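Read the structure below first, then the notes.
Just so it is clear, none of the values below were taken in a lab; they were calculated from the coordinates. Remember, predicted model here, so these are calculated numbers, not experimental data. Methodologically, a virtual Cβ is constructed for each residue, glycine included, from the backbone with ideal geometry; neighbour enumeration extends over all protein chains shown.
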Amino acid sequence: MLLLLWSVSLSQLAAGQTPNKPAPKPCSTPDITPEYLATHPAIKKRLAAIEMHAQRYVEQTGPLVQAVPIGPPPPLLIIPVVVHVVYSAPDQNLSDAIIQDQI
């Protein structure tokens, strides 16, 4: 029985689930905002002014994201790296494969 529970817990972890933890509640801002703005007209007016200002800025300056011309890829840049592994017992040393994987 213990082995079965342990394997279920492992399968939940592998699936990205946390045992005995409820799923996170989605953000309720989209549900609350319309009602809030209906009862607070000054806030609604201020948000509209901010949006209008942002729209005017984009019209005057153009989009914030510019298309990047397609061309040859940048040259390969090689950066020499030195890794120092400090350990007190031989079994604490890291293999070259582990170090290379981390880089």
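Before moving on, here are some points about what is shown:
- For region 44-99, the gyration tensor built on C-alpha atoms gives an oblate shape. Its axis ratio a/c (a ≥ b ≥ c) is at least 1.5, and a/b is not larger than b/c.
- Qualifying GluC sites (Glu not before Pro) in region 26-103, DSSP loop, other Cβ atoms within 10 Å at most 13: none
- Candidate aspartates and glutamates - alpha carbon under 18 Å from Lys44, same-chain residues fewer than 8 apart omitted: Asp31, Glu35
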